[in-house]
Amino acid sequence: MVTNLPAEAIAKLNKYSDAKTVEDKIKALEEFISAVPKHKGTENLLYWARSRLAELRQEEEKERKKKRGGGGPRVFVEKAGAGQIAMIGPPNSGKSSIVSRLTNAKVVISPNPFSTSEPVPGMMQFEDIQFQLIDTPPLISNEGDYINTKVLAIARNADAIIIVVGLDSDYERDLKKIFETLEKKGIMTSMQKGYIRIVKHRTGNGINVVFYGKPSFTEDDVRKVLSSYRIFNATVEVYGEPKLDDIDASLINAITYKPTIVLFNKKDLVKEFNIPLLPKDILYRVVSAKTGEGLNDLGNDIFKILKIKRIYTKKPNSLPDKEPLIIKENATIKEIAETINPNSNVRYAKIWGKGVKYNGQRVGPDFIPVDKDIVEMRF
């Protein structure tokens with residue numbers, strides 16, 4: 001935990017938080033790093049700041065290539081569907097075979113451990129929506145390798161992660177290594193281990209701290225740390241058991257949480273196996289890319305971890321739209337209306353579906369409809 005940062009450093013951090021473009025964020029973060037005193041007490045903060053700066057520079061390069069109309073190998077894939085899922089794993093884990101079976105992607109399937117050299121997207125059908133699966137190059141043991149950097153950037157940009165390991169290999173070692181690599185780069189796969197989300201407000205009623213776990217620090221500790229950064233109005237969500245030091249990384253968005261599924265592949269090749277103990281919020285399946293066993297319910301798993309819902313909007317005296325609006329599962333009528341039109345002012349809505357006691361029920365702006373509800377809003 002960093003306290004008593006110079007006023008200049010705090011001002012630069014606030015400048016970074018307020019920056020809207022990647023270019024402005026890079027400039028502000030560079031200035032922040034220069035303004036922070038270099039000593040043992042700031043090592044953790046500077047580590048995360050430099051890590052975040054490296055990621056922003058990758059994003060900047062991506063934007064440059066997009067403006068030039070492409071050229072060179074791509075790192076990021078433009079998002080499509082109801083959610084983008086990064087498929088990651090060690091060489092020969094069978095990622096490409098799974099993506100091939102579930103999507104229309106033209107992947108390279110080969111015993112060669114490095115047959116996938118660039119990210120390949122494919123669309124996976126789930127009921128009336130699609131998820132975008134990204135087949136990625138294999139993660140390897142050399143942490144500083146360019147391929148690893150590329151894969152981790154894709155994982156950070158995605159909405160969720162699927163880790164694929166082969167049961168015909170040392171899958172416990174592979175899985176442990178992948179978790180360690182992700183965590184070292186600030187990508188958390190479980191909220192049980194600890195994650196802090198901070199949303200600053202320009203005005204408000206002070207610091208509102210919400211605990212979703214049992215951390216070793218108190219609300220007052222959080223307020224003291226944020227006060228040292230001159231932050232006096234914010235909502236702080238604390239998941240699992242993070243360290244108080246994690247606030248530093250959260251302030252510069254260096255730590256991010258990605259809901260995760262683990263697929264233990266190649267069940268067709270082994271007779272006996274033991275599934276290692278995983279955090280409760282990480283789903284897993286034992287599957288076979290060759291036979292398709294265990295993959296039928298993967299779409300439902302993805303839908304579950306993304307915590308989304310389908311809302312079918314309709315106008316008065318009209319049929320509902322065929323294409324659903326994909327939105328977070330806890331979104332209210334007001335938030336749904338603002339997704340369609342940020343300047344809207346919804347007065348009430350009528351609901352058809354499982355979220356109400358009877359079809360056509362009138363509800364207020366704070367009502368939370370459920371998946372597949374039909375919503376008719378009145379402004």
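Taking first residues from region 175-187 that are on the phi < 0 side of the Ramachandran plot and partners that are of a type outside the set (D, E, K, R) and assigned to a helix (DSSP H, G or I), the Cβ contacts under 6 Å between residues at least 6 apart in sequence or on separate chains come to 185/152; 187/155.
Annotation: of all residues in region 317-370 being of a type in the set (A, V, I, L, M) and in a loop (DSSP other than H, G, I, E, B), the one that is surrounded by the most Cβ atoms within 10 Å (Cβ to Cβ) is 346. For region 76-100, the candidate set comprises residues that are closer than 13 Å to residue 265 by Cα and not in a loop (DSSP other than H, G, I, E, B); within that set, the residue that is farthest from the chain's Cα centre (by Cα) is 97.
When residue 79 is tested against the conditions (1) more than 26 Å from residue 177 (Cβ to Cβ); (2) surrounded by fewer than 19 Cβ atoms within 10 Å (Cβ to Cβ); (3) at pLDDT below 90, the lone failure is (3).
Pairing each residue of region 92-109 that is not assigned by TED's automatic domain parsing to the domain that holds residue 167 and buried (at least 24 other Cβ atoms within 10 Å of the Cβ) with any residue that is at pLDDT 95 or above and aliphatic (A, V, I, L, M), provided the two are 6+ apart or on different chains, yields no C-beta distance under 7 Å. None of 277, 295 is among the hydrophobic types (A, V, I, L, M, F, W, C), assigned by TED's automatic domain parsing to the domain that holds residue 170 and either surrounded by fewer than 15 Cβ atoms within 10 Å (Cβ to Cβ) or assigned to a strand (DSSP E or B) (or both) except 277. Taking every residue in region 210-230 that is under 25 Å from residue 36 (Cα atoms) and pairing it with any residue that is surrounded by fewer than 15 Cβ atoms within 10 Å (Cβ to Cβ) and hydroxyl-bearing (Ser, Thr, Tyr), at least 6 positions away or on another chain, the pairs with Cβ-Cβ distances below 9 Å are 224/3; 225/3; 228/3.
Of the helices (runs of 4 or more DSSP H) lying entirely inside region 169-262, the ones with 1 or more residues being modelled with pLDDT under 90 and buried (at least 20 other Cβ atoms within 10 Å of the Cβ) are found at 219-228, 246-251. For region 280-292, the tally of residues that are over 30 Å from residue 327 (Cβ atoms) and part of a loop (DSSP other than H, G, I, E, B) stands at 5. All conditions in (1) over 25 Å from residue 15 (Cβ atoms); (2) hydrophobic (A, V, I, L, M, F, W, C); (3) not assigned by TED's automatic domain parsing to the domain that holds residue 171 hold for residue 196, with the sole exception of (1).
Only a single item in (1) outside the structural domain of residue 46 (by TED's automatic domain parsing); (2) of a type in the set (Gly, Ala, Ser); (3) within 30 Å of residue 45 (Cβ to Cβ) is not met by residue 228, and it is number (1).
For region 254-261, the count of residues that are closer than 30 Å to residue 197 by Cβ, of a type in the set (S, T, N, Q) and touching a residue at least 60 places away in the same chain (Cβ under 8 Å) is nonzero. Annotation note: Cβ proximity below 6 Å between a residue of region 341-364 that is of a type in the set (Ser, Thr, Tyr) and a residue that is assigned to a strand (DSSP E or B) (sequence gap 6+ or interchain) occurs for 348/362; 348/378. Go through region 157-208 and give me each residue that's among the small types (Gly, Ala, Ser), over 21 Å from residue 285 (Cβ atoms) and more than 16 Å from the chain's Cα centre (by Cα). Selection gives 204, 206. In summary, residue 73 fulfils each of the numbered conditions (1) modelled with pLDDT under 85; (2) part of a helix (DSSP H, G or I) with the single exception of condition (2).
The values are calculated or read from the model by the stated rules, or taken from the named source; none is laboratory data. Being a predicted model, the structure only gives us computed values, none of them experimental. Cβ atoms come from the backbone with ideal geometry, glycine included; neighbour counts cover every protein chain shown.
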